[in-house]
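Chemist: Okay, here's the structure, questions in a sec.
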Amino acid sequence: ADTLDELIERLLRVLGDLHLEFELIFADDGSSDRSLDILQAHAHRDARIRVFPLVRNFGSQSAVCAGFDQVRGRWALCMDADLENRPEDIPALLEPLAGGVDLVCGYRQDRDAPVLARRLPSWLMNLYVRRKTGKQIRDAGCGIRAFQSWV
């Protein structure tokens, strides 16, 4: 709830500057704070904002999947609402999609997280993902990604 107003303001500004047709889809995963009320108020004021409340918290991946089920456009982008990722980075993610790339993954730069609790497990997961997929994904745990919607 604490970041939603700023997030939406920044998303609308960044996406508006791109002069693209867009919509913002929010899947509320059973939040217990004022998030749903804030999102619904924004949706009431702006038809480009759509809100889909889940009946309870099924986990972030379920919320992402619920949001992707609602995508109507050519491209889809996902990010958490906590502002860990910057909306201002969206143009850099969309540019490769315009060139035909199917998936663009963000990565966390200068990550300020405990080494043993966060950074080492993340490094190990990235190594595992690279070996299993054969793709040089730099940060599989980063929450911001852009896709061709068919993906």
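Chemist: Test each condition in (1) open to solvent by 40 Å² or more (accessible area, probe 1.4 Å); (2) touching a helix residue (DSSP H, G or I) at 6+ places or on another chain (Cβ under 9 Å); (3) of a type in the set (D, E) for D69 and report the one that comes out false.
Modeler: (2)
Yes or no, residue by residue, for (1) among the basic types (K, R); (2) under 17 Å from D28 (Cβ atoms):
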site: N57; (1), (2): no, yes
site: A63; (1), (2): no, yes
site: L83; (1), (2): no, yes
site: A92; (1), (2): no, no
site: E95; (1), (2): no, no
site: D102; (1), (2): no, no
site: R138; (1), (2): yes, no
site: A146; (1), (2): no, no
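Chemist: I would also like to ask the following. Would you check if there is a residue in the range 21-30 being part of a helix (DSSP H, G or I), of a type in the set (A, V, I, L, M) and surrounded by 13 or more Cβ atoms within 10 Å (Cβ to Cβ)? Give the derivation first.
Modeler: Quick first cut of the range 21-30, residues part of a helix (DSSP H, G or I) only: none.
For the range 21-30, residues part of a helix (DSSP H, G or I), of a type in the set (A, V, I, L, M) and surrounded by 13 or more Cβ atoms within 10 Å (Cβ to Cβ): absent.
Chemist: Going residue by residue through the range 50-61, is there one that turns out to be exposed (fewer than 13 other Cβ atoms within 10 Å of the Cβ) and at pLDDT 95 or above?
Modeler: Among the residues of the range 50-61, not one is exposed (fewer than 13 other Cβ atoms within 10 Å of the Cβ) and at pLDDT 95 or above, which makes the answer no.
Chemist: Counting only residues that are without any contact (Cβ under 8 Å) to a residue 12 or more places away in the chain and among the small types (G, A, S), how many does the range 4-42 have?
Modeler: 3
Chemist: Which residues, taken from the range 123-151, are within 23 Å of I90 (Cα to Cα), modelled with pLDDT under 80 and outside any loop (DSSP other than H, G, I, E, B)?
Modeler: Step one: of the range 123-151, the residues within 23 Å of I90 (Cα to Cα) are 126, 135-151.
Filter again for modelled with pLDDT under 80, leaving 126, 135-143.
Correct list: N126 only.
Chemist: Let me ask you something else. Could you tell me whether any residue of the range 98-121 is under 26 Å from A1 (Cβ atoms), within 18 Å of the chain's Cα centre (by Cα), in a loop (DSSP other than H, G, I, E, B) and at pLDDT 75 or above?
Modeler: The answer is yes, given that some residue of the range 98-121 is under 26 Å from A1 (Cβ atoms), within 18 Å of the chain's Cα centre (by Cα), in a loop (DSSP other than H, G, I, E, B) and at pLDDT 75 or above.
Chemist: Please go through the range 79-93 and give me each residue that is surrounded by 14 or more Cβ atoms within 10 Å (Cβ to Cβ) and either at positive phi or among the basic types (K, R) (or both), ordered by number.
Modeler: L83
Chemist: Spot the failing condition for A76; the list is (1) more than 14 Å from the chain's Cα centre (by Cα); (2) modelled with pLDDT of 90 or more; (3) surrounded by 13 or more Cβ atoms within 10 Å (Cβ to Cβ), and only one is missed.
Modeler: Status for A76: all satisfied but (1).
Chemist: Looking for whichever is open to solvent by 40 Å² or more (accessible area, probe 1.4 Å) and modelled with pLDDT of 90 or more here; the options are D37, D46. Which one fits?
Modeler: Checking each option against the conditions leaves just D37.
The values are calculated or read from the model by the stated rules, or taken from the named source; none is laboratory data. Just so you know, these numbers come straight off a predicted model, no measurement behind them. Counting neighbours? That spans all protein chains shown, and the Cβs are built from the backbone with ideal geometry, glycine included. Only protein heavy atoms, including side chains, enter the accessible area calculation; ligands, DNA and RNA are left aside. Shrake-Rupley method; radii C 1.70, N 1.55, O 1.52, S 1.80 Å.
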